[in-house]
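**Student:** Right, I'll just put the structure down here and ask away after.
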Amino acid sequence: MRKRNCRFAREAYTHPDGHPSRNLVPMSAPAAPAYTLPPRRTQRAIGLVLAAAIAGSWLAIHAWGMFIFELTWTNWPLALAAALVQMWLSVGVFIVCHDAMHGTLVPGRPRVNAGIGAVLLALYAGFAWKQLRDAHFDHHKLAGKPGDPDFDEHNPGHFWRWYGTFFRRYFGWRSLLFVHTVVGIYWLVLDIPMVQIVLLYGLPALGSSLQLFYFGTFRPHRHDAGEGDAAASFADRHNTRSEEFGTWASLASCFHFGYHLEHHRRPDVPWWSLPAARRAGVGRIETKDKVPA
(Lines give C-alpha, C1' and ligand atoms only; values in the text may rest on other atoms or scores of the structure.)
Protein backbone atom coordinates (compact mmCIF):
# COMPACT_ATOMS: atom_id res chain seq x y z
CA MET A 1 0.00 0.00 0.00
CA ARG A 2 2.84 2.41 0.83
CA LYS A 3 4.45 1.82 -2.58
CA ARG A 4 1.13 2.37 -4.29
CA ASN A 5 0.59 5.70 -2.54
CA CYS A 6 4.08 6.84 -3.49
CA ARG A 7 3.43 5.93 -7.11
CA PHE A 8 0.21 7.97 -7.12
CA ALA A 9 2.05 10.92 -5.60
CA ARG A 10 4.65 10.82 -8.37
CA GLU A 11 1.97 10.64 -11.06
CA ALA A 12 0.01 13.54 -9.56
CA TYR A 13 2.94 15.94 -9.54
CA THR A 14 5.11 15.15 -12.51
CA HIS A 15 6.70 17.85 -14.65
CA PRO A 16 5.65 17.81 -18.34
CA ASP A 17 9.21 16.91 -19.37
CA GLY A 18 8.96 13.70 -17.37
CA HIS A 19 10.83 14.57 -14.16
CA PRO A 20 8.96 14.24 -10.86
CA SER A 21 8.42 17.52 -9.01
CA ARG A 22 10.19 18.06 -5.73
CA ASN A 23 8.99 19.58 -2.49
CA LEU A 24 6.00 17.25 -2.31
CA VAL A 25 3.70 17.36 0.66
CA PRO A 26 3.28 13.87 2.20
CA MET A 27 0.18 12.00 1.16
CA SER A 28 -1.17 12.25 4.69
CA ALA A 29 -1.19 16.07 4.70
CA PRO A 30 -4.82 17.02 5.41
CA ALA A 31 -4.81 20.26 3.38
CA ALA A 32 -3.96 18.70 0.01
CA PRO A 33 -6.93 18.01 -2.32
CA ALA A 34 -7.30 14.30 -3.12
CA TYR A 35 -6.75 14.51 -6.85
CA THR A 36 -4.37 12.52 -9.04
CA LEU A 37 -3.82 12.56 -12.76
CA PRO A 38 -4.61 9.47 -14.82
CA PRO A 39 -1.69 7.26 -15.89
CA ARG A 40 0.46 8.84 -18.56
CA ARG A 41 -0.56 6.42 -21.27
CA THR A 42 -4.21 7.13 -20.58
CA GLN A 43 -3.62 10.89 -20.53
CA ARG A 44 -1.72 10.75 -23.82
CA ALA A 45 -4.41 8.67 -25.50
CA ILE A 46 -7.28 10.88 -24.34
CA GLY A 47 -5.39 14.07 -25.19
CA LEU A 48 -4.49 12.96 -28.70
CA VAL A 49 -7.95 11.58 -29.48
CA LEU A 50 -9.67 14.78 -28.33
CA ALA A 51 -7.10 16.96 -30.12
CA ALA A 52 -7.62 15.02 -33.35
CA ALA A 53 -11.41 15.30 -33.02
CA ILE A 54 -11.32 19.05 -32.33
CA ALA A 55 -8.67 20.01 -34.88
CA GLY A 56 -9.99 17.57 -37.48
CA SER A 57 -13.54 18.92 -37.21
CA TRP A 58 -12.22 22.49 -37.33
CA LEU A 59 -10.23 21.82 -40.51
CA ALA A 60 -13.09 19.87 -42.09
CA ILE A 61 -15.62 22.67 -41.56
CA HIS A 62 -13.14 25.21 -42.89
CA ALA A 63 -12.49 23.15 -46.03
CA TRP A 64 -16.23 22.60 -46.53
CA GLY A 65 -16.98 26.30 -46.05
CA MET A 66 -14.31 27.48 -48.45
CA PHE A 67 -14.18 24.81 -51.17
CA ILE A 68 -17.54 22.99 -51.22
CA PHE A 69 -20.30 25.18 -49.76
CA GLU A 70 -21.87 27.89 -51.91
CA LEU A 71 -23.56 30.65 -49.95
CA THR A 72 -27.04 31.69 -51.14
CA TRP A 73 -29.98 33.62 -49.74
CA THR A 74 -31.72 30.35 -48.89
CA ASN A 75 -28.93 28.56 -47.02
CA TRP A 76 -27.49 31.42 -44.97
CA PRO A 77 -28.96 29.97 -41.70
CA LEU A 78 -26.86 26.84 -42.29
CA ALA A 79 -23.81 29.01 -42.90
CA LEU A 80 -24.46 30.95 -39.69
CA ALA A 81 -24.82 27.72 -37.70
CA ALA A 82 -21.58 26.43 -39.20
CA ALA A 83 -19.85 29.70 -38.29
CA LEU A 84 -20.96 29.38 -34.65
CA VAL A 85 -19.73 25.78 -34.45
CA GLN A 86 -16.47 26.82 -36.09
CA MET A 87 -16.02 29.62 -33.57
CA TRP A 88 -16.38 27.13 -30.70
CA LEU A 89 -14.01 24.67 -32.35
CA SER A 90 -11.49 27.48 -32.87
CA VAL A 91 -11.54 28.02 -29.12
CA GLY A 92 -10.93 24.29 -28.71
CA VAL A 93 -7.97 24.36 -31.07
CA PHE A 94 -6.36 27.09 -29.01
CA ILE A 95 -7.03 25.18 -25.78
CA VAL A 96 -5.31 22.14 -27.31
CA CYS A 97 -2.32 24.36 -28.08
CA HIS A 98 -2.46 25.68 -24.52
CA ASP A 99 -2.23 22.12 -23.19
CA ALA A 100 0.74 21.55 -25.49
CA MET A 101 2.44 24.59 -23.95
CA HIS A 102 2.14 23.03 -20.51
CA GLY A 103 3.16 19.61 -21.75
CA THR A 104 -0.18 18.11 -20.69
CA LEU A 105 -1.35 17.20 -24.18
CA VAL A 106 1.22 14.41 -24.54
CA PRO A 107 2.99 14.28 -21.15
CA GLY A 108 6.63 13.32 -21.26
CA ARG A 109 6.93 14.11 -25.00
CA PRO A 110 8.04 17.76 -25.26
CA ARG A 111 8.86 17.55 -28.97
CA VAL A 112 5.47 16.08 -29.80
CA ASN A 113 3.76 18.80 -27.78
CA ALA A 114 5.81 21.49 -29.50
CA GLY A 115 5.17 20.05 -32.97
CA ILE A 116 1.40 19.83 -32.54
CA GLY A 117 1.21 23.22 -30.87
CA ALA A 118 3.35 24.95 -33.48
CA VAL A 119 1.32 23.59 -36.42
CA LEU A 120 -2.06 24.38 -34.92
CA LEU A 121 -1.06 27.87 -33.76
CA ALA A 122 0.25 28.66 -37.24
CA LEU A 123 -3.01 27.47 -38.81
CA TYR A 124 -5.09 29.28 -36.20
CA ALA A 125 -3.76 32.76 -36.90
CA GLY A 126 -0.11 32.58 -37.95
CA PHE A 127 1.08 32.64 -34.34
CA ALA A 128 4.65 31.76 -33.41
CA TRP A 129 4.87 28.82 -31.01
CA LYS A 130 7.82 29.91 -28.87
CA GLN A 131 6.63 33.50 -28.58
CA LEU A 132 3.16 32.51 -27.37
CA ARG A 133 4.47 29.78 -25.08
CA ASP A 134 6.92 32.15 -23.37
CA ALA A 135 4.21 34.81 -23.02
CA HIS A 136 1.86 32.30 -21.44
CA PHE A 137 4.49 31.23 -18.91
CA ASP A 138 5.00 34.91 -18.07
CA HIS A 139 1.26 35.10 -17.46
CA HIS A 140 1.50 32.29 -14.92
CA LYS A 141 4.46 33.91 -13.17
CA LEU A 142 2.93 37.40 -13.03
CA ALA A 143 -0.81 36.66 -13.07
CA GLY A 144 -2.80 39.86 -12.64
CA LYS A 145 0.29 41.99 -12.05
CA PRO A 146 2.22 44.52 -14.16
CA GLY A 147 4.26 42.59 -16.69
CA ASP A 148 1.58 39.95 -17.21
CA PRO A 149 1.03 39.97 -21.02
CA ASP A 150 -2.60 38.89 -20.56
CA PHE A 151 -3.41 41.64 -18.06
CA ASP A 152 -4.12 45.35 -18.53
CA GLU A 153 -3.28 46.94 -15.19
CA HIS A 154 -4.62 50.30 -16.43
CA ASN A 155 -8.06 48.89 -17.28
CA PRO A 156 -8.52 45.86 -14.99
CA GLY A 157 -12.32 46.11 -15.09
CA HIS A 158 -13.02 47.49 -18.57
CA PHE A 159 -13.72 44.79 -21.13
CA TRP A 160 -13.18 46.60 -24.43
CA ARG A 161 -10.09 48.58 -23.42
CA TRP A 162 -8.50 45.47 -21.96
CA TYR A 163 -9.42 43.45 -25.06
CA GLY A 164 -7.81 46.15 -27.23
CA THR A 165 -4.59 45.83 -25.23
CA PHE A 166 -4.80 42.04 -25.40
CA PHE A 167 -5.38 42.09 -29.17
CA ARG A 168 -2.49 44.45 -29.88
CA ARG A 169 -0.07 42.37 -27.81
CA TYR A 170 -0.84 39.08 -29.51
CA PHE A 171 -2.07 39.85 -33.01
CA GLY A 172 1.08 41.42 -34.43
CA TRP A 173 2.36 41.84 -37.96
CA ARG A 174 2.94 38.11 -38.38
CA SER A 175 -0.70 37.24 -37.70
CA LEU A 176 -2.00 40.11 -39.81
CA LEU A 177 0.22 39.09 -42.73
CA PHE A 178 -0.93 35.48 -42.44
CA VAL A 179 -4.64 36.36 -42.37
CA HIS A 180 -4.37 38.85 -45.24
CA THR A 181 -2.45 36.32 -47.32
CA VAL A 182 -5.06 33.60 -46.76
CA VAL A 183 -7.94 35.96 -47.51
CA GLY A 184 -6.16 37.28 -50.61
CA ILE A 185 -5.63 33.78 -52.00
CA TYR A 186 -9.22 32.73 -51.31
CA TRP A 187 -10.70 35.89 -52.81
CA LEU A 188 -8.38 36.84 -55.70
CA VAL A 189 -7.00 33.46 -56.72
CA LEU A 190 -9.73 30.95 -55.86
CA ASP A 191 -12.61 33.41 -56.49
CA ILE A 192 -14.44 32.64 -53.24
CA PRO A 193 -17.02 35.40 -52.49
CA MET A 194 -15.80 37.82 -49.84
CA VAL A 195 -19.05 37.56 -47.87
CA GLN A 196 -18.50 33.80 -47.60
CA ILE A 197 -14.89 34.30 -46.48
CA VAL A 198 -15.98 36.80 -43.84
CA LEU A 199 -18.85 34.66 -42.56
CA LEU A 200 -17.10 31.27 -42.46
CA TYR A 201 -13.48 32.30 -41.83
CA GLY A 202 -13.19 35.84 -40.50
CA LEU A 203 -16.08 35.95 -38.03
CA PRO A 204 -15.35 32.57 -36.40
CA ALA A 205 -11.71 33.55 -35.92
CA LEU A 206 -12.53 36.97 -34.46
CA GLY A 207 -15.38 35.56 -32.39
CA SER A 208 -13.14 32.88 -30.92
CA SER A 209 -10.65 35.50 -29.78
CA LEU A 210 -13.46 37.35 -28.00
CA GLN A 211 -14.75 34.12 -26.48
CA LEU A 212 -11.29 33.11 -25.27
CA PHE A 213 -10.61 36.54 -23.86
CA TYR A 214 -13.98 36.92 -22.12
CA PHE A 215 -14.19 33.49 -20.49
CA GLY A 216 -10.48 32.69 -20.18
CA THR A 217 -8.93 36.04 -19.28
CA PHE A 218 -11.32 38.87 -18.47
CA ARG A 219 -13.83 37.11 -16.23
CA PRO A 220 -11.21 35.12 -14.25
CA HIS A 221 -8.79 38.03 -13.72
CA ARG A 222 -11.00 41.13 -13.81
CA HIS A 223 -11.30 43.60 -10.93
CA ASP A 224 -14.89 44.31 -10.01
CA ALA A 225 -16.03 47.91 -9.84
CA GLY A 226 -15.80 49.47 -6.40
CA GLU A 227 -13.20 47.09 -5.03
CA GLY A 228 -11.11 48.75 -2.37
CA ASP A 229 -8.40 46.12 -2.30
CA ALA A 230 -8.34 44.24 -5.59
CA ALA A 231 -6.20 41.45 -4.17
CA ALA A 232 -8.82 40.76 -1.49
CA SER A 233 -11.28 39.52 -4.12
CA PHE A 234 -8.97 36.67 -5.15
CA ALA A 235 -8.19 33.51 -3.26
CA ASP A 236 -4.41 33.66 -3.52
CA ARG A 237 -1.38 34.98 -5.39
CA HIS A 238 -2.72 33.66 -8.71
CA ASN A 239 -5.14 36.61 -8.81
CA THR A 240 -7.85 34.64 -10.50
CA ARG A 241 -11.21 33.04 -9.83
CA SER A 242 -13.26 30.21 -11.32
CA GLU A 243 -16.72 30.17 -12.82
CA GLU A 244 -19.58 28.43 -11.05
CA PHE A 245 -20.68 26.84 -14.33
CA GLY A 246 -21.67 23.20 -14.48
CA THR A 247 -19.58 20.83 -16.57
CA TRP A 248 -21.56 21.19 -19.80
CA ALA A 249 -21.82 24.98 -19.57
CA SER A 250 -18.11 25.11 -18.81
CA LEU A 251 -17.34 23.01 -21.88
CA ALA A 252 -19.57 25.15 -24.11
CA SER A 253 -18.18 28.45 -22.85
CA CYS A 254 -14.44 27.82 -23.14
CA PHE A 255 -13.48 24.14 -22.89
CA HIS A 256 -13.33 24.37 -19.08
CA PHE A 257 -10.89 27.29 -19.18
CA GLY A 258 -13.34 29.09 -16.90
CA TYR A 259 -12.12 26.77 -14.12
CA HIS A 260 -9.21 29.11 -14.03
CA LEU A 261 -8.14 28.95 -10.40
CA GLU A 262 -7.89 25.18 -10.72
CA HIS A 263 -5.72 25.63 -13.80
CA HIS A 264 -3.36 28.11 -12.14
CA ARG A 265 -3.00 25.94 -9.08
CA ARG A 266 -2.55 22.76 -11.10
CA PRO A 267 -1.19 23.65 -14.57
CA ASP A 268 -0.25 19.99 -14.95
CA VAL A 269 -3.95 19.09 -15.38
CA PRO A 270 -5.19 18.85 -19.01
CA TRP A 271 -8.29 20.81 -19.99
CA TRP A 272 -10.58 17.79 -20.10
CA SER A 273 -9.70 16.83 -16.52
CA LEU A 274 -10.29 20.25 -14.95
CA PRO A 275 -13.87 19.36 -13.89
CA ALA A 276 -12.47 16.40 -11.94
CA ALA A 277 -9.85 18.65 -10.35
CA ARG A 278 -12.59 21.08 -9.41
CA ARG A 279 -14.72 18.33 -7.83
CA ALA A 280 -11.65 17.18 -5.90
CA GLY A 281 -11.35 20.62 -4.29
CA VAL A 282 -8.32 22.04 -6.11
CA GLY A 283 -10.09 25.39 -6.36
CA ARG A 284 -11.14 25.38 -2.69
CA ILE A 285 -7.90 24.25 -1.08
CA GLU A 286 -4.52 25.55 -2.18
CA THR A 287 -1.90 22.86 -2.55
CA LYS A 288 1.46 23.44 -0.94
CA ASP A 289 3.24 21.38 -3.55
CA LYS A 290 5.45 23.00 -6.14
CA VAL A 291 3.60 22.20 -9.35
CA PRO A 292 5.52 23.20 -12.50
CA ALA A 293 3.93 25.37 -15.17
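**Student:** Out of (1) open to solvent by less than 70 Å² (accessible area, probe 1.4 Å); (2) part of a helix (DSSP H, G or I), what's the single condition that is false for I192?
**Tutor:** Failing condition for I192: (2).
**Student:** Cβ-Cβ under 7 Å, sequence separation 6+ or interchain: first residue in the range 95-120 and farther than 24 Å from Y259 by Cα, partner open to solvent by less than 30 Å² (accessible area, probe 1.4 Å) and hydroxyl-bearing (S, T, Y). Which pairs?
**Tutor:** none
Residue-wise test of (1) of a type in the set (V, I, T); (2) within 13 Å of the chain's Cα centre (by Cα).
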site: Y163; (1), (2): no, no
site: Y170; (1), (2): no, no
site: L200; (1), (2): no, no
site: T217; (1), (2): yes, yes
site: A235; (1), (2): no, no
site: F245; (1), (2): no, no
site: S250; (1), (2): no, yes
site: H264; (1), (2): no, yes
site: V269; (1), (2): yes, yes
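**Student:** Report, by residue number, each residue of the range 240-267 that is within 21 Å of L210 (Cβ to Cβ) and acidic (D, E).
**Tutor:** E243 - this is the single residue of the range 240-267 that is within 21 Å of L210 (Cβ to Cβ) and acidic (D, E).
**Student:** Here is a list: A60, A79, A53, A29. Which entry is more than 17 Å from the chain's Cα centre (by Cα), surrounded by fewer than 17 Cβ atoms within 10 Å (Cβ to Cβ) and at pLDDT 90 or above? I'd like the intermediate steps shown before the answer.
**Tutor:** Numbers: A79 fails: surrounded by fewer than 17 Cβ atoms within 10 Å (Cβ to Cβ); A53 fails: more than 17 Å from the chain's Cα centre (by Cα); A29 fails: at pLDDT 90 or above.
Answer to the selection: A60.
**Student:** Given the structure, is A118 under 23 Å from V182 (Cα atoms), aliphatic (A, V, I, L, M) and at pLDDT below 95? Break it down into steps so the answer makes sense when it comes.
**Tutor:** Details: under 23 Å from V182 (Cα atoms): yes; aliphatic (A, V, I, L, M): yes; at pLDDT below 95: no.
So A118 fails the test.
**Student:** Looking only at residues that are open to solvent by less than 20 Å² (accessible area, probe 1.4 Å) and in a helix (DSSP H, G or I) in the range 100-119, which one is nearest to F166 (Cα to Cα)? Full working, then the answer.
**Tutor:** First, pick out the residues of the range 100-119 that are open to solvent by less than 20 Å² (accessible area, probe 1.4 Å): 100-108, 113, 117.
If we keep only those that are in a helix (DSSP H, G or I) too, we end up with 100-102, 113, 117.
Working: A100: 21, M101: 19, H102: 21, N113: 25, G117: 20 Å.
Per the criteria, the residue is M101.
**Student:** Would you please name the residue that is least open to solvent (accessible area, probe 1.4 Å), looking only at residues in the range 239-285 that are among the aromatic types (F, W, Y) and out of contact with any Lys or Arg (no Cβ under 8 Å at 6 or more places or on another chain)? Reasoning before the result, please.
**Tutor:** Let us first name the residues in the range 239-285 that are among the aromatic types (F, W, Y), namely 245, 248, 255, 257, 259, 271-272.
Right, trim to out of contact with any Lys or Arg (no Cβ under 8 Å at 6 or more places or on another chain) and you get 245, 248, 255, 257, 271-272.
Numbers: F245: 66, W248: 203, F255: 4, F257: 24, W271: 29, W272: 52 Å².
Among those residues, the one meeting the criterion is F255.
The values are calculated or read from the model by the stated rules, or taken from the named source; none is laboratory data. Only a predicted model underlies this, so the values are computations on that prediction, with no experimental measurement involved. Here the Cβ is made from the backbone with ideal geometry for all residues, glycine too, and neighbour counts use every protein chain on show. Areas reflect the complete protein model, heavy atoms only, side chains present, ligands, DNA and RNA absent. Shrake-Rupley method; radii C 1.70, N 1.55, O 1.52, S 1.80 Å.
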